[in-house]
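Participant: This is the structure, below, for whatever I ask next.
Any read-out appearing in this document is the output of simple, stated calculations on the displayed coordinates, not a laboratory observation. Since the model is a prediction, treat every value here as computed from it, not as a measurement. Note that we place each Cβ from the backbone using ideal geometry, even for glycine, and neighbour counts take in every protein chain shown.
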Amino acid sequence: MAELSKNDEALVDSPDRTGVQPPAAEAKPAGTAGAPVDRGEPILRVRNLVKHFPMTQGILFKKKIGAVKAVDGVSFDLHQGETLGIVGESGCGKSTVAKLLMSLETATSGEVFYKGQDITRLSGRALKAVRRNIQMVFQDPYTSLNPRMTVGDIIGEPFDIHPEVAPKGDRSRRVQELLDVVGLNPEYINRYPHQFSGGQRQRIGIARGLALNPEIIVCDEPVSALDVSVQAQVINLMGKLQDEFDLSYVFIAHDLSIVRHISDRVGVMYLGRMAEIGTDTQIYDHPTHPYTQALLSAVPVPDPESREVRERIILSGDVPSPANPPSGCSFRTRCWKAEDKCATEVPLLAVPERFAGRDTPAAHESACHFAEEKDVVHAA
Ligand SMILES: Nc1ncnc2c1ncn2[C@@H]1O[C@H](COP(=O)(O)OP(=O)(O)OP(=O)(O)O)[C@@H](O)[C@H]1O
Ligand code: SF4
Ligand SMILES: [Mg+2]
């Protein structure tokens, strides 16, 4: 991953990394330019994941009157050492996917395979063992840290559940190492969250996410609440930690430029489903789904000449309610290319037939009956 341009990583450059035991390091594959690289068995395989939240009526006798289809059949793979970005408008189900991956929500149906094992049906000790390897970094560093706990207690809390990672007498040392790894002064161990800036708090959140030496970190809008310059610091830190510990990231965000910067592959979600998924080059330079094309066309273009030639795709109407999504293709009520077939047949997420087997960046998975490339001028 290339460094962001803000040259403010002095804080992060701590030389001593002893004590935090990473999984065996491996060179990150350079699979970002065109066709996907065969990286063997994915570390995470998500298949037809569904989460419907029941809508009920009545106080004593709750009657089910429908369901919010927050996630409605999402599939993707995540490989070791890779970053999969997930983008999409507010309410499309990104955070629900994150919670399902973390087993913080129970899936209505579908599977999440971690190293070949379906973790959606696990409970008790088996679930606890898997959870250690999949950790989360949350959006808001102001609300996700308990204001009454010291930084040492916050970062060391996961050791209460997994004492085998850091026995009681060794915890302070391990927490100080983690502070050092994320570029914070180890002497801050007894400070409280309010004594830190937003960026520093997010570093604390990352240190906590790293405490159990996980293999996968699910990041739900990790920099959205931060100033632009601080975003760059945190993103650079995450890239550095990924290389160092061979971490795999699921990186959820609104900002298409940030997602492109950090991701090897990108999935675009719409109303609980994956509209399109591919390498960053495929999605940003060769999008074939009308929704992705519209999203990209809305990214501001600073260059006045490019701005003049670009075509902005304005989507009509609002995002439909996930409690009552349109039949067939859920994007059809806003799609300028919609035809009769779009109302009756759900488009599957697959490489479109016309591109299948061809050596073209358009040959990636797209859930559209009429997927085709369109030149979109954008600055993401
Ligand atoms: N516990 C819940 N009960 C009922 N509905 C829920 C619940 N959690 C989420 N939803 C609904 O599911 C849909 C998806 O929500 P989710 O938070 O996953 O979206 P999101 O893509 O993360 O949005 P944002 O970008 O605003 O964070 C929304 O319509 C939301 O209101
Ligand atoms: S399937 Fe139809 S409605 Fe859906 S994105 Fe493609 S053209 Fe538009
Ligand atoms: Mg969210």
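Participant: Ser316 to Thr360: extension gain in nm, 0.36 nm per residue of separation minus the Cα-Cα distance?
Facilitator: Length gained, Ser316 through Thr360: 12.8 nm.
Participant: What is the calculated FRET efficiency for Ile65 to Met149, with r their C-beta to C-beta distance and R₀ = 30 Å, to the nearest 0.05?
Facilitator: 0.15
Participant: Can you tell me which of Asp303, Asp153, Asp264 moves the most in a GNM of the chain? Springs connect C-alpha atoms under 10 Å apart.
Facilitator: Comparing Asp303, Asp153, Asp264 in a Gaussian network model of the chain, the most mobile one is Asp303.
Participant: List the GluC sites (Glu not before Pro) within segment 304-380 that DSSP assigns to loop and that have no more than 16 neighbouring Cβ atoms inside 10 Å.
Facilitator: Passing both the DSSP loop test and the Cβ count: Glu311, Glu339, Glu345, Glu353, Glu372, Glu373.
Participant: Can you give me the long-range amide H partners of Thr83? Hydrogens built in the peptide plane at 1.01 Å from N, cutoff under 5 Å, separation of 5 or more residues or another chain.
Facilitator: Close amide H contacts, sequence-distant or interchain: Tyr249, Asp264, Arg265.
Participant: Separate question: Taking N as the number of residues in segment 181-250, what is its alpha-carbon radius of gyration divided by 2.2 N^0.38 Å?
Facilitator: Ratio of Rg to 2.2 N^0.38 Å for segment 181-250: 1.08.
Participant: Quick one: what does P(r) look like for segment 37-101 with 5 Å bins over all Cα pairs, in whole %?
Facilitator: 4, 14, 20, 19, 14, 11, 7, 5, 4, 2, 1, 0
Participant: Within the set of other residues whose C-beta is less than 11 Å from the C-beta of Arg273, count the net charge using Lys and Arg as +1 and Asp and Glu as -1.
Facilitator: -1
Participant: Under 20 Å between alpha carbons, and skipping anything fewer than 8 positions from Lys51 in its own chain: which lysines qualify?
Facilitator: The qualifying lysines are Lys62, Lys63, Lys64, Lys69, Lys94, Lys99.
Participant: How big is the charge dipole of segment 270-366 about its Cα centre, in debye rounded to the nearest 20, if each Lys and Arg gets +1 on its Cβ and each Asp and Glu gets -1 on its Cβ?
Facilitator: Rounded to the nearest 20 debye, it is 280 debye.
Participant: What angle do you read, to the nearest 10 degrees and between 0 and 90, between the alpha-carbon axis of helix 171-181 and the longest principal axis of the chain?
Facilitator: Long axis of 171-181 versus the principal axis of the chain: about 50 degrees.
Participant: So, one more: Using a Förster distance of 30 Å, how high is the FRET efficiency between Ser90 and Asn185, based on the Cβ-Cβ distance and rounded to 0.05?
Facilitator: FRET efficiency, Ser90 to Asn185: 0.25.
Participant: In the calculated pair distance distribution of the chain, what percentage of Cα-Cα distances lie above 34 Å?
Facilitator: The answer is 30 percent, as a whole percent.
Participant: Return one number: the angle in degrees, 0 to 90 and rounded to the nearest 10, between the long axis of the Cα atoms of helix 228-245 and the longest principal axis of the Cα atoms of the chain.
Facilitator: 70
Participant: Give a quick list of GluC sites (Glu not before Pro) in segment 127-193 that DSSP marks as loop, anything other than H, G, I, E or B, with at most 14 other Cβ atoms within 10 Å.
Facilitator: Glu164
Participant: A follow-up question, please. Are there chymotrypsin sites (Phe, Trp or Tyr not before Pro) in segment 262-364 that DSSP puts in a loop and that have at most 15 other Cβ atoms within 10 Å, and which ones?
Facilitator: Sparse-neighbourhood loop chymotrypsin sites (Phe, Trp or Tyr not before Pro): Trp336.
Participant: Now for a different question. If I histogram all Cα-Cα distances within segment 270-366 using bins 5 Å wide from 0, what percent of pairs lands in each bin?
Facilitator: Going out from 0 Å in 5 Å bins, segment 270-366 shows 2, 12, 19, 22, 20, 14, 7, 3, 0 percent.
Participant: Specify the angular offset, from 0 to 90 degrees and rounded to the nearest 10, of the alpha carbon long axis of helix 198-210 from the longest principal axis of the alpha carbons in the chain.
Facilitator: For 198-210 against the chain, the angle is about 80 degrees.
Participant: While we're on this one: Express in nm, to one decimal, how much length is gained between Glu244 and Asp227 on full extension, taking 0.36 nm for each residue of separation and deducting their alpha carbon distance.
Facilitator: Gain in length upon complete extension: 3.6 nm.
Participant: Let a ≥ b ≥ c be the square roots of the eigenvalues of the Cα gyration tensor of segment 154-221; is it rounded (a/c under 1.5), or, if not, prolate (a/b larger than b/c) or oblate?
Facilitator: Cα axes put segment 154-221 in the oblate bin.
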